[in-house]
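Report on the structure given below.
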Amino acid sequence: MGELEDAVMTRVWKWNRPVTVREVLEDLQQERSIAYTTVMTVLDNLHQKGWVRREAEGRAYRYEAVSTRAAYSAALMNDAWSQSDNPAAALVAFFGMMSPEQREALNDAVRMVQGPENPGAPESGTGR
């Protein structure tokens, strides 16, 4: 996703409701000079890429995110990781860049994925 697409999607995700080109435009204009047709084109591109769905409302559309920002971030991380010729080394390098807060969030996520029946200790449930 390009910088402008990300700026538009940030608003769509933040508002978490169907939005119009005009609403996104007015919010973006607080930060930069941008034309209505530019925002319309970006939202159309995002629709074609499958990031937003749209529904006609009169002569305009209302756009809504298809997925969450978290899902988008996960897809980016998975894509980058899958392109590595050494996934383990890529993960080690990634973990090394994390702040303590990010590592704690990662630990929380791992615990959530593993669930209560598998707390993560290799010896759990083996009786050895």
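Each reported figure results from applying straightforward, stated rules to the coordinates on display, with no laboratory input. The shown structure was predicted, so the numbers you read here are calculated from the model rather than taken from an experiment. All Cβ positions, glycine included, derive from the backbone under ideal geometry; neighbour counts span all protein chains shown.
Numerical summary
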quantity: For the chain: relative contact order, % (alpha-carbon pairs under 8 angstrom, 6 or more apart); calculated: 19 percent
quantity: Residue among Met112, Pro18, Gly96 farthest towards the positive dipole end of the chain, charges placed on Cβ; calculated: Pro18
quantity: Cα-centre dipole for the chain with unit charges at Cβ (Lys and Arg positive, Asp and Glu negative), debye to 20; calculated: 300 debye
quantity: Where GluC sites (Glu not before Pro) fall in DSSP loop in the stretch 1-104, at most 10 other Cβ within 10 Å; calculated: Glu31
quantity: Hull-based mean projected area of the chain, where the convex hull spans the alpha carbons, in square nanometres; calculated: 11.7 nm²
quantity: Estimated 222 nm signal from helices in the chain, with DSSP H stretches of n ≥ 4 weighted -39500 (n - 2.57), rounded to 500; calculated: -18500 deg cm²/dmol
